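Taken together, the values in this text are just the output of simple stated rules run on the coordinates, not laboratory data. Just so you know, these numbers come straight off a predicted model, no measurement behind them. Quick reminder, even Gly has a Cβ in these numbers, built from the backbone with ideal geometry, and neighbours come from all protein chains shown.
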Amino acid sequence: MKHFTLLFALIMSTIILAKAQGKLDELLPIRGIELAAPDKEDLDAFVKFIEDELVPLNVNTLLIRIDWNYEYKSRPELQDEDPLTEAEVKKIVKACKAGGIRIIPQINLLGHQSWFSRVEKLLEEYPQFNETPHVPMDEGIDKWPNEYGLYCLSYCPLHPDVHEVVFDVVDEIVEVFETDAFHAGMDEVFYLGDDKCPRCSGRDKAELFGGEVTKISNHLTQNGKELWIWGDRLLDGKTTGIGFWEASFNNTHRAIDMIPKEVVICDWHYERADPTAVIFALKGFRVVTCPWNKAQHAKVQLHQMVNFRQNATPETKDNFYGMMQTTWSGAGMFMDGYYGKEDLKDRRGDKIECFKVLYEEINKLDD
């Protein structure tokens, strides 16, 4: 009788959990978090974090920023020092599969090829791809703003050899993570169509940006995969008043009408709960709203997304795709903050509180 009671309780809890997840899937198909791939020393703790925290919170999507932290076989020159091996990545894959979490790996494409004076691996190994080789990468670029207007370098999207290199690592990382989607970054692209670039000078920046998104998307689509990107360059920062960080001031926003509708847009806003998901959804894109470090905004953004989805037409309902917490920190640091080992709160906000409040609110939706 005791065993029967335990079995019955287990069956009932499974049924209740399945119903709750089913309701969440209807209200919020994407429930995600963005995290950097862990360093080797944090790998086992990261796997445990997935199993013990993300799965019970009903997270179903992990955007993992891998960039050059992988032992690439196709382009070994592009791997960071002491990168994750295939066997180590498979530990993450196994944990996510067991917990019903979809992995979307990210490598920054087009923009974010440097961090101030530190050049990332692609342009370090292939300097000929640099859109702005005339900008000196010395100690004078260690602050923002600077005289060159440099935040991050970009590669030239019209260089004839860049995509052969880039697509090698994209295809490899999608395969090793056993996934059907890839995130290309493409946020905060300020260097594009430079006047001194022999290929891009004088070109329409919207066409350059749209062309690059389309080229990457088409490549992935041919292999049965989908492209995700950050959405800021597709919003008009002047007309909306959103500004040049979370939207475009260099006219790339017109590319919203030039790229495939299959692209999934991660629409991030941190200072206000700007309801721009509607713009993307009505243009025919699936859109995921992404908060960061202000819990009060995240709650508003969550309920906006649910309300948009519940009140949309049948034609646009499924375009309101869900929510994704961004973290912009290493996996180890985020876990330390989550477990109270480190205080990550700063003058801009508290990403740990934001994540916890967001998912507390998400899990109330199944009540």
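Table for the structure above
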{"read-out": "Low-density loop positions, GluC sites (Glu not before Pro), the range 130-163 - DSSP coil, at most 10 other Cβ in 10 Å", "value": "Glu147"}
{"read-out": "Unit charges at the beta carbon, dipole of the range 265-367: most positive-side option, Gly330, Ala277, Ile362", "value": "Ala277"}
{"read-out": "Gain on full stretching of the segment that runs from Val300 to Ser117 - 0.36 nm per residue minus C-alpha separation", "value": "62.2 nm"}
{"read-out": "Count, lysine Cα pairs under 20 Å in the range 32-104, 8 or more residues apart or across chains", "value": "11"}
{"read-out": "Global form of the range 188-289, assessed from the alpha-carbon gyration tensor, a/c cut-off 1.5", "value": "oblate"}
{"read-out": "Nearest-ten-degree value, helix 205-222 long axis tilted from longest Cα axis of the chain", "value": "50 degrees"}
{"read-out": "Dipole of the range 202-248, positive direction: furthest Cα of Thr240, Gly211, Trp230, with charges on the beta-carbon", "value": "Gly211"}
{"read-out": "Label-to-label distance, nm, for residues given as Asp180 and Glu315 (7 Å Cα→Cβ offset)", "value": "2.6 nm"}
{"read-out": "Derived scalar couplings ³J(HN,Hα) [the range 345-356; Karplus, 6.51 cos²θ - 1.76 cosθ + 1.60; whole Hz; x for Gly, Pro]", "value": "5, 9, 5, 8, x, 9, 5, 5, 4, 4, 4, 5"}
{"read-out": "Order of Val174, Val119 - criterion: other Cβ atoms within 10 Å of each residue's Cβ, fewest first", "value": "Val119, Val174"}
{"read-out": "Rounded tilt (10° steps) of 86-98 against the dominant C-alpha axis of the chain", "value": "40 degrees"}
{"read-out": "Cut-off under 5 Å, modelled amide H: who pairs with Cys266 long-range", "value": "Ile229, Trp230, Gly231, Val288"}
{"read-out": "Residue order, fewest to most beta carbons within 10 Å, for Lys121, Lys345", "value": "Lys345, Lys121"}
{"read-out": "Mean residue ellipticity (222 nm) of the chain, computed from DSSP H runs ≥ 4 via -39,500 (n - 2.57), nearest 500", "value": "-11500 deg cm²/dmol"}
{"read-out": "Leu110, Leu282 arranged by Cβ crowding within 10 Å, fewest neighbours leading", "value": "Leu282, Leu110"}
{"read-out": "Virtual spin-label span in nm between Met258 and Tyr339, 7 Å along Cα→Cβ", "value": "4.8 nm"}
{"read-out": "Backbone HN-Hα couplings from phi across the range 328-337 [Karplus 6.51/-1.76/1.60, Hz, Gly and Pro as x]", "value": "6, 8, x, 4, x, 5, 5, 5, 4, x"}
{"read-out": "Fluctuation leader among His163, His269, His134 - the chain, Gaussian network, Cα springs under 10 angstrom", "value": "His134"}
{"read-out": "Amide hydrogen neighbours beyond the local backbone of Ala36, cut-off 5 Å, H modeled", "value": "Arg65, Ser329, Ala331"}
{"read-out": "Nearest 10 degrees, 0 to 90: helix 162-176 Cα axis against the chain principal axis", "value": "10 degrees"}
{"read-out": "Added length on full extension, which subtracts the Cα-Cα distance from 0.36 nm per residue, Lys283 to Lys97", "value": "63.7 nm"}
